[in-house]
Each structure stands twice: as structure tokens, then as C-alpha cells.
Amino acid sequence: MKERQWSRKEACQYIDEGGLDMEQMQAEMNSPMDDAFEKLKQQGPPQWFVEAMTWP
């Protein structure tokens, strides 16, 4: 909770409302968009972008 700079009261409320369970569930779920973004990052920028940036 330090990363969110919450007080102890706010952190306890978050935990009571199931916030930690939701974070764990999101981490375990399959996210197809995350896979798609990783694939795009591995491919690098599109050729038209590279050409536009190197244009004199």
C-alpha cells in the first residue's frame, strides 16, 4: 500500500472490500490483449514509422 500512499485505514478498507483478491485474480487471468501487445513490441515499430522518422 506504500506505492499508493494510502493510510492504514484506507489500506484496511481496501482489503476488507476485496481489493487484494481482485488484484490476485487479475494477475492470474488470461489477458489476450496483453499477449497481443507483447507480440507487437517484439516486432518493433512498423516500417512506415521508421521511414517517417529517418526522412531528411
**Message:** Consider the stretch 17-37. How many of its residues are farther than 20 Å from E3 by Cβ and hydrophobic (A, V, I, L, M, F, W, C)?
**Reply:** 4
**Prompt:** Within the bounds of the stretch 37-53, is there any residue that is at pLDDT below 75 and either of a type in the set (V, I, T) or out of contact with any Phe, Trp or Tyr (no Cβ under 8 Å at 6 or more places or on another chain) (or both)?
**Reply:** no
**Item:** Selection from the stretch 25-34 of residues that are over 25 Å from I15 (Cβ atoms) and either surrounded by fewer than 10 Cβ atoms within 10 Å (Cβ to Cβ) or at pLDDT 85 or above (or both)
**Value:** N30, P32, M33
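Can you confirm whether Q13 is of a type outside the set (V, I, T) and surrounded by fewer than 11 Cβ atoms within 10 Å (Cβ to Cβ)? Steps first, answer last, please.
Numbers: of a type outside the set (V, I, T): yes; surrounded by fewer than 11 Cβ atoms within 10 Å (Cβ to Cβ): no.
So Q13 does not fit the description; no.
The values are calculated or read from the model by the stated rules, or taken from the named source; none is laboratory data. Note that the coordinates shown come from a computational prediction; the quantities given were computed from them, not determined experimentally. Glycine also receives a Cβ, built like all others from the backbone with ideal geometry; neighbour counts cover every protein chain displayed.
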